[in-house]
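Take a look at the structure below.
Coordinate-derived values only; no laboratory data. Predicted model only: the values in this text are computed from it and were never measured. Backbone-built Cβ (ideal geometry, glycine too); neighbour counts: all protein chains shown.
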Amino acid sequence: MSTLLGGLACQPEQLEESEALAGVEAEMRVANSLTTRALVFNAISTNRRANDLVAGKGVPSEGIPGQGLADLFDPETGDGYLQLQLRDEDAQHFMEYLVGCALDETQALTWKEPLSGEVRQWKGKAGLCTQWREGVPTEECRRRVSACILARNNAFGRRVELSIRGEDPEDLTRFEMESQTGAVDYDPDLAQYVPSFLGCTTLQSGANRNCGWRPGHIGRCVPGQTVRLGAGGRAPDRCSTGPALGVTTSGRSVLRVCAGIIGCDSSHSRRLAQSEGTCAATPPAVTFTCPASGDFNVMLAPYNSWLGSTASVGVETGTAAATAYALSEGEVFRYREGAFYGTIFDSAALKAEVSVTKEGRIVGKDQHINGSVYRKMFSCYAPEWTQGSAYATHRVCALPGSGADCAATVTGACIDPSNPSASKCLVEDGPLVSGDGDFELCQDPEQEQWTEPVTVYLHAPCELQTKDTSLCQWWPRPRK
């Protein structure tokens, strides 16, 4: 992991950023782009038999025992009924997100695409139920994964980074947050990974190339003020008087700075500055004006794409820009959205059925359901939203504004400061991970209490509302 070295006023603040940075675990940061319609109408989770099989419950009436995911989806010996249901592409997408929530980054699930016969992998990410790969998950495990899947869905399928927070008494490190947050490598506006973060297919050099870069970290500054940072060089407007900012300890490095938290290509409008050397020397440094968002991120690369380099980024501190670098997850993702809780894996609570017939015909895709398809999935909204109910309904329903084809029932405000007895959650910040602001002990409309909610934080309040931004007005309030 990178190490924050710190510095005195008006001196560089340095952070080591080695080539290993690209592999730093993103803790509980996950992306979301599972469309609501794919979540509520797919031939795995919205299929009673498939739902039970995937949940590890088996089919007791037929003597079929519960199994882990690896056995169920084995390309050669996996369950034939599940293999048939995977002919529905939405079922494949659902499983991608289930595996991403349940398994960790060291795990993957191998499966066979039923039409092409190609063997593929779903990769783990959040690690909320790692035992599900090889064995039958606990009910608590299924609920925690259900909440994660719901948190990663939205009606518009817009993929953005989320910070999910919660508690697991069996593993107090499960929901640890990043102490230093890396730049995001996926651009939701382009619906693709930033090309500069992909490997170079030919030998290239310099700071203008759009391949072979690695994410640095995210910083914050005062909009409109001058920011200076570097990886060993002096800022180009301070060649004679400024200190060296950061250091390149091996090889030769180049750097790029982009507005916001998402990396960028050389020609992109988000690019603020880049450098392959300053002040008649090879170590890079830049001077730029802090963008209106107040956020920036750094990208690093060796000067030659076929060589290596190791650098420490240093930022000028103690100025009007109030520059801070290598922000924590809590500092980057500071807009609390709400809590998601319940279970997808209760086949008796499904209000719809989707299946693939033996002839390969997908049945049930064109139906519409009033309310939630999953009668045991719920969502509550943070009190900071000015139109919380409308925002939450848009978030979990495939037909925003209609209340139809929803993935969960919106129960109300997680915490209601004006009427505490109406609060849907009893705790505003769970004690096991102090200070992360996670709602706990949340209730459904029948007053049943759920102890495995996940709370979502966003980087910006309107990231998931591309249609009606009037719904995403968010105002901070002090917490008790």
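Observations on the model:
- Loop-located GluC sites (Glu not before Pro) in segment 291-373 (DSSP state other than H, G, I, E, B) with a sparse environment of at most 13 neighbouring Cβ atoms within 10 Å: Glu359.
- Our note on the geometry: Cα centres of segment 273-315 and segment 208-233, 5 Å apart.
- Rounded to the nearest 20 debye, the dipole magnitude of the chain is 1180 debye, with +1 charges on Lys and Arg beta carbons, -1 on Asp and Glu beta carbons, and the Cα centre as origin.
- Among the GluC sites (Glu not before Pro) in segment 67-126, those placed in a DSSP loop whose Cβ has at most 12 other Cβ atoms within 10 Å are Glu76, Glu118.
- Lysine-lysine proximity count for the chain, Cα under 16 Å, sequence distance 8 or more or distinct chains: 4
- Relative contact order computed over segment 332-480 (Cα-Cα under 8 Å; 6+ residues apart), in percent: 27 percent
- Evaluated at q = 0.27, 0.30 Å⁻¹: base-10 log I(q)/I(0), Debye formula over Cα of segment 421-478: -1.07, -1.14
- Karplus-derived 3J(HN,Hα) values for segment 206-223, using 6.51 cos²θ - 1.76 cosθ + 1.60 with θ = phi - 60°, are x, 8, 7, 6, 10, 6, x, 8, 10, x, x, 10, 9, x, 9, 8, 7, x Hz; glycine and proline are entered as x.
- Centroid-to-centroid, using Cα positions, segment 412-456 and segment 52-102 are 32 Å apart.
- Listed residue (Val427, Cys406, Thr106) projecting farthest to the positive dipole end of the chain, Cβ model: Cys406
- Peptides ranked, highest mean first, by Cβ atoms within 10 Å: ranges 290-298, 38-46, 344-352: 38-46, 290-298, 344-352
- For Ile64, residues with placed amide H under 5 Å, excluding near neighbours: Val59
- Using only side-chain charges placed at the Cβ, +1 for Lys and Arg and -1 for Asp and Glu, the dipole size of segment 62-161 relative to its Cα centre rounds to 460 debye.
- Extreme residue, positive dipole direction of segment 111-252, given options Pro243, Gly224, Trp122 (C-beta unit charges): Pro243
- Given charges at beta-carbon only (K, R positive; D, E negative), |dipole| of segment 118-246 in Debye: 440 debye
- For the chain, calculated [θ]222 nm from helices alone, where every DSSP H run of n ≥ 4 adds -39500 (n - 2.57): -3500 deg cm²/dmol
- 3J(HN,Hα) from dihedral phi, segment 440-445, Karplus parametrisation 6.51/-1.76/1.60, rounded to Hz, x for glycine, proline: 9, 6, 9, 10, 9, x
- Sum of side-chain charges, Val354 neighbourhood, beta-carbon under 9 Å (Lys, Arg +1; Asp, Glu -1): -2
- For Ile344, nonlocal amide neighbours, meaning residues 5 or more places apart or on other chains whose placed amide H falls under 5 Å from its own, are Ser146.
- A simple spin-label model places pseudo-atoms 7 Å from Cα toward Cβ; at Ser470 and Arg334 they are separated by 2.8 nm.
- Cα centroid separation, segment 360-374 to segment 116-194 (Å): 25 Å
- Correct option for semi-axes √(5λ) of the Cα gyration tensor in Å [calculated from the coordinates] among (i) 116, 26, 22; (ii) 42, 27, 19; (iii) 39, 30, 20: (ii)
- Each of Pro461, Ala259, Val356 was scored by the projection of its Cα onto the charge dipole of the chain, and the greatest displacement toward the positive side belongs to Ala259; charges sit on the C-beta of Lys, Arg, Asp and Glu.
- Of the GluC sites (Glu not before Pro) found in segment 399-468, those in coil by DSSP whose Cβ has at most 14 other Cβ atoms within 10 Å are Glu446, Glu448.
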